[in-house]
Amino acid sequence: KNKQQPSSDQLQKVISEQTSVGQKVENNAFLKQTKEDIKLYQYWYSKATIDAIVEECNDSAKRVAFLSTPSLYFSLGDSPLARTSRLFDFDKKFDTAPGFVFFDYKHPENIPKEYQHYFDFVVIDPPSVRDDVLVLYAKAARILLHESR
């Protein structure tokens, strides 16, 4: 079978899309500098998704618990919300961040007492959408959210 060569318009579209994706990554230091770790089921959101979720957090919360969402936490920059929020994550490569809290989703009962019922907003990106995983993340959210939520 003869394969048709892509037209110049199709090639230009691909180049444009690749350039656009590259620029989005370049504009986010976390995406640019941090590789996903498939062994830990880490897959980062796109820049547009990060921007939308961070905007929602900024508009809706005073203290956010970011569960397994380092791309979001680190995209807060040096904002007031970043100073009151925490990243709960298993990957210790992030432990130098001032808001890092080690988190093993399999043991939500180990969340430090000082963070229990402390947050008004929780963002979760579980490594899997299996029922057993979702139940444990839901338990963690109930532990973290202020009782008025």
- Query: Hey, does region 100-116 have a residue that's free of Cβ contacts under 8 Å to residues at least 60 places away in the same chain, open to solvent by 30 Å² or more (accessible area, probe 1.4 Å) and under 23 Å from Lys32 (Cβ atoms)?
  - Reply: yes
- Message: Being open to solvent by less than 50 Å² (accessible area, probe 1.4 Å) and not charged (D, E, K, R) narrows it down to one residue among Ser85, Ser148; which is it?
- Response: Ser85
- Task: Go through region 50-78 and count every residue that is of a type outside the set (Gly, Ala, Ser) and open to solvent by 50 Å² or more (accessible area, probe 1.4 Å).
- Result: 9
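The values are calculated or read from the model by the stated rules, or taken from the named source; none is laboratory data. Because the structure is a prediction, the values reported are computed rather than measured. A quick note on method: Cβ atoms are made from the backbone with ideal geometry, for glycine too, and the neighbour counts reach across all protein chains shown. Ligands, DNA and RNA are excluded from the accessible area calculation, which covers all protein heavy atoms including side chains. Shrake-Rupley method; radii C 1.70, N 1.55, O 1.52, S 1.80 Å.
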